Amino acid sequence: MQPTDIRNPDYFHKVVDCQWACPAHTPVPEYIRLIAAGRYSDAYMVNWSSNVFPGILGRTCDRPCEPACRRGRVEDENLARPEPVAICRLKRVAADLKDDIRGQLPKPAAKKNV
Ligand code: SF4
């Protein structure tokens, strides 16, 4: 049996089902934690680091992360399957409620004189 290669980021991605299912491997639990703490701009920047259009994706993404959500696999006391976390909607919440994040964005590269 091969030892686990924890240098490979996929090892960590696979552990978090929603993050692994996301084509951009967006760190979903991290941005949801930030939203829960009311830190919308920070949640937006976590999204921005893996895909630069969080507001658009929060409205248009096909959200393969949600069927992968573990929340949908646990059973509550009535043996009903709860809905997965609304991961995509939360991305939209972060984008809509963020403050002015321009100061957090990387500066454009200086134009080269050709
Ligand atoms: S909504 Fe789309 S971009 Fe966002 S975490 Fe889910 S799959 Fe990834």
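The values are calculated or read from the model by the stated rules, or taken from the named source; none is laboratory data. Owing to the predicted nature of the structure, the values given are computational and were not obtained by experimental measurement. Reconstructed Cβ throughout: ideal geometry from the backbone, glycine too, with neighbour counts over all protein chains shown. Note: areas computed on protein heavy atoms with side chains; ligands, DNA, RNA excluded. Shrake-Rupley method; radii C 1.70, N 1.55, O 1.52, S 1.80 Å.
Comparison of Cys69, Cys65, Cys88 shows that the only residue that is within 9 Å of the ligand (Cβ to nearest atom), at pLDDT below 95, in contact with a Cys (Cβ under 7 Å, 6 or more places away or on another chain) and not polar (S, T, N, Q) is Cys65.
If you check Tyr40, Tyr11 for being among the aromatic types (Phe, Trp, Tyr), at pLDDT below 90 and over 10 Å from the mean Cα position of the chain (by Cα), only one passes: Tyr11. Restrict the check to the stretch 5-15 and report whether at least one residue is open to solvent by 30 Å² or more (accessible area, probe 1.4 Å) and within 16 Å of Leu90 (Cβ to Cβ). No, the stretch 5-15 contains no residue that is open to solvent by 30 Å² or more (accessible area, probe 1.4 Å) and within 16 Å of Leu90 (Cβ to Cβ).
Under the condition of being aliphatic (A, V, I, L, M) and surrounded by 15 or more Cβ atoms within 10 Å (Cβ to Cβ), the residues counted in the stretch 36-78 number 5. Once the stretch 17-62 is narrowed to residues that are under 11 Å from Ala95 (Cβ atoms) and of a type in the set (Gly, Ala, Ser), the residue that is nearest to the ligand (Cβ to nearest atom) is Gly58. As for the stretch 24-35, it holds at least one residue that is open to solvent by 60 Å² or more (accessible area, probe 1.4 Å) and modelled with pLDDT of 85 or more.
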